[in-house]
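Notes follow once the structure below has been shown.
Quick note: the coordinates plus some simple rules give every number you see, no bench work behind them. Owing to the predicted nature of the structure, the values given are computational and were not obtained by experimental measurement. Positions of Cβ are backbone-derived with ideal geometry, glycine not excepted, and every protein chain shown enters the neighbour counts.
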Amino acid sequence: MSFIYDKLLGGKSGALGLLVLSILILVVFPLALDGFRLNLIGKYLTYAFAAMSLVLLWGYGGTLSLGQGIFFGLGGYCMAMFLKLEASSPENTAIQSTPGIPDFMDWNQITELPWFWEPFSSFGFTIAAILIVPALFAYIIGVAMFKRRVGGVYFAIITQVIAVILTVLIVGQQGFTGGINGITDLRTLNGWDMTSDSAKYLFYYINCALLITVIVLSRFILTSKFGRLLLAIRDKEDRVRFSGYDVANFKIFIFCFAALVSAIGGAMFTLQVGFMSPSFVGIVPSIEMVIFAAVGGRMSLIGVVYGTLLINFGKTTFSESFPELWLFLMGGTFIAVVMFFPNGLAGLWEEYSTPLMKKIRAKIQPSVTAKPSSSSYETKESK
Amino acid sequence: MSSMTNTDFSLSIEDLTVSFDGFKAVDSLNLYIDKNELHVVIGPNGAGKTTVLDLICGKTKSTSGSIKFLNQELTTLSEHEIVRRGVGRKFQTPSIYENLSVFENLEVSYPEGRGVFGSLFFKRSTKVIDEIHRIAQEIMLESELETEAGLLSHGQKQWLEIGMLLIQDPQLLMLDEPVAGMSVKEREQTAVLLNKISKGRSVLVIEHDMEFVARIAHKVTVLHQGKILAAGKMEDVQKDPKVIEVYLGH
């Protein structure tokens, strides 16, 4: 019991935060919003996966990736390839010159399904690919960078460059990827209509469940010795190295895990929005993900979910009425957050709520505040 | 060069040279340290003292020569492998994790769970907690275990870093200016601490404070321009005219 409470839920305040978030996304939103708005929230929550991956990588690990869109996109594309193959059955595509292949391939005079598309006709393979392909790609980048001790700004620039390369590749290889339009017109999942209301609700709940699972898993990582090592590496990398740790391995692991988390978000995006395109892979979405994390609080897994919701809600509202102003407003918000509240919304909450709670508690029960807080690590152990 | 014979010394450095763009920061250095020996390296600025520590712990790669620790060649190993062989190194400015508590600083340095998965499933057992308390007592920080390390005084930070090394029980402990910035009382306490912890291991210290060196050193080596100017007991070294001329005289 104490293991679950301390390690997975993050103690009292962590458990409370998770409970409030769960109630909000699992109960309040579905009851208060219509299907269209709920689907929109679902879409925003898929970005929250990417923002959470940045909490681990950037907030705790100190390594800023400006290319989380790469992994979000890879996850999304894997899912889209499966759905596209299902939508391209010979019956559905009978009017094409080569029936049975995706429509954009036919338009690009491709007459045979490329080899790397073949396995995506299997749902099991697709799920495995969503989890493995982005993590494997991150592993390759991670080994190449971290083993050579490339970090900081250089790492950020390189991830950004990779995001550009991947976008150019997807756009350029139209016949294999659907090009700039992406992979569109996805209708069914294992024969089941994805656009129906029941499907949308189900995807929304699966998305929420995965989000909560990722929060719990991340909490496990952050409360372990690994989590303290991440902070230590961020603070004094050399001291960690000269304490007998191979620092690169820790950075590679967290980069791979962050890639996996982003990829889950990408796959859920494809399912809920019904398409995937290069506009979710490149520099702009990757930087937006960093802004979500910064605004929400890069040290808070829960905070970035609120940050993502808030910024996206703002984006939808403002870009409807003042489309040309939105980018400036978002840029301004980012600068303001970095300058005035470096710990984002979560930091503000901590700053103002903790003293308030203490005051309230002191009024109700004066003895509580008088209790010494020493040796709490021992009491945690003996619980 | 690396095929030198084995010795009884804990650390034996032979013909060690490192050159940066032709400038030899350390030049054909020979240095031997025994078990239970507290060896101090002194010398003017730029003599190559810190570079010697960098070479031993693998931060800088040597151009030629050999560093053998317990008859194992270190020059070919990476930093974390050298640490795991039993070499601990304290940096010149206190290098601790400011955002973690004293307890967590020591826990992170505890030599278990050093791999990725080992650290994920590392358990804070009573053995670990007891060891942390023992070390904290030794470095006079037992009452500060819950304090965030960034809030410690400068001297306490220096002790904490020494503690972070002690918890790994290194056979060779290297300290770069351990009393820099310490008060007189803290220097006294550190001298006692160093004398205590040099038992059962070898300690290599770089220090400028001559009074402090005289209190702790079993043997002294004076470095000058990457070469050894004099070596031996502190009294003898202090009388050496060459040493007085380049280092102690002014």
Rounded to the nearest 20 debye, what is the charge dipole size of the range B:128-250 about its Cα centre when +1 sits on each Lys and Arg Cβ and -1 on each Asp and Glu Cβ?
600
Here Rg/Rh (Cα, Kirkwood) for the range A:73-172 equals 1.10
Report, to the nearest 10°, how far helix A:283-296 tilts away from the longest principal axis of the Cα atoms in chain A, using its own Cα long axis and a range of 0 to 90°.
30
Give me P(r) over the range A:147-251, computed from all C-alpha to C-alpha distances, binned every 10 Å, as integer percentages.
12, 20, 25, 26, 15, 2
Could you please tell me the mean projected area of the C-alpha convex hull for the range A:226-327, averaged over all directions and given in square nanometres to one decimal?
8.1
Per DSSP, the loop-located trypsin sites (Lys or Arg not before Pro) within the range A:163-225 having at most 15 other beta carbons within 10 Å are A:Arg187
Could you pull out the pairs from B:Lys24/B:Lys49; B:Lys24/B:Lys59; B:Lys157/B:Lys185; A:Lys236/B:Lys68; B:Lys61/B:Lys90 whose alpha carbons sit more than 20 Å apart here?
A:Lys236/B:Lys68
Quotient of C-alpha Rg and 2.2 N^0.38 Å, computed over the protein assembly as shown:
1.17
For the range A:192-231 and the range B:1-74, distance of Cα centres in Å:
52
Can you list the HN-Hα couplings for the range A:328-342, worked out from phi with the Karplus curve (6.51, -1.76, 1.60; θ = phi - 60°), rounded to whole Hz and with x for Gly and Pro?
5, 5, 5, x, x, 4, 4, 4, 4, 5, 4, 7, 9, 10, x
Using alpha-carbon pairs under 8 Å, 6+ residues apart, how would you state the relative contact order of chain A in percent?
30
Counting helices only, and only those DSSP H runs with n ≥ 4, report the 222 nm mean residue ellipticity of the protein assembly as shown as the sum of -39,500 (n - 2.57) divided by its residues, in deg cm²/dmol to the nearest 500.
-17500 deg cm²/dmol
Would you be so kind as to identify which of B:Ile139, B:Asn99, A:Gly178 lies farthest towards the positive end of the dipole of the protein assembly as shown, taking Lys and Arg as +1 and Asp and Glu as -1 on Cβ and the Cα centre as origin?
B:Ile139
Run the simple label-point estimate for B:Gln238 and A:Leu169 please: 7 Å along Cα→C-beta, distance reported in nm.
6.9
On a 0 to 90 degree scale, rounded to 10, what angle separates helix A:152-172 from the longest Cα axis of chain A?
20
Which longest run of chain A has no exposed loop site in it, a site being GluC sites (Glu not before Pro) in a DSSP loop with at most 13 other beta carbons within 10 Å, and the site itself not part of the run?
A:113-383
Debye intensity ratio I(q)/I(0), log10, the range B:97-169, q values 0.22 Å⁻¹ (C-alpha model)
-0.92
Against the 2.2 N^0.38 Å rule of thumb, the C-alpha Rg of chain B sits at a ratio of 1.02
Checked against the positive end of the charge dipole of the range A:122-279 (+1 on Cβ of Lys and Arg, -1 on Cβ of Asp and Glu, about the Cα centre), the farthest of A:Ala199, A:Ala138, A:Ile252 is A:Ile252
Across the residues of B:120-126, average count of Cβ atoms on other protein chains within 10 Å?
4
Shielding score for A:227-237, defined as the mean number of other chain Cβ atoms within 10 Å:
5
With N residues in the range A:2-367, Rg(alpha-carbon) / (2.2 N^0.38 Å) equals 1.04
Taking beta carbons within 10 Å but only from partner chains, what does the mean come to for residues B:73-84?
3
With no solvent and one equal point scatterer per Cα, compute the Debye intensity ratio I(q)/I(0) for the range B:43-189 at 0.14, 0.16, 0.18 Å⁻¹ and report its log10, rounded to two decimals.
-0.74, -0.94, -1.13
Which one of A:Phe36, A:Pro323, A:Ile360 has its Cα pushed farthest toward the positive end of the charge dipole of the range A:2-367, where Lys and Arg give +1 and Asp and Glu give -1 at the Cβ?
A:Ile360
What's the center-to-center distance, using Cα atoms, between the range B:128-163 and the range B:167-222 in Å?
17
For the protein assembly as shown, size of Cβ-based charge dipole, Lys and Arg +1, Asp and Glu -1, in debye:
1100
Just in the range B:147-250: which trypsin sites (Lys or Arg not before Pro) are loop by DSSP and have at most 13 other Cβ atoms within 10 Å?
B:Lys199, B:Lys233
Under the Kirkwood approximation applied to all pairs of distinct alpha-carbon atoms, what is the hydrodynamic radius of the range A:51-122 in Å?
14.4
Tell me, which longest segment in chain A has none of the chymotrypsin sites (Phe, Trp or Tyr not before Pro) that fall in DSSP loops with at most 14 further Cβ atoms within 10 Å?
A:117-383
Can you figure out the FRET efficiency of B:Asp130 with B:Ser153, using R₀ = 22 Å and their beta-carbon distance, to the nearest 0.05?
0.25
List residues of the range A:209-227, by number, whose backbone nitrogen lies under 19 Å from a label position 7 Å along Cα→C-beta of A:Leu26.
A:209-220
What is the angle, in °, between the Cα long axis of helix A:344-364 and the longest principal axis of the Cα atoms in chain A? Nearest 10 is fine, range 0 to 90.
40
Quick one: putting +1 on the C-beta of Lys and Arg, -1 on the C-beta of Asp and Glu, what dipole do you get for the range B:97-169 around its Cα centre, in Debye to the nearest 20?
240
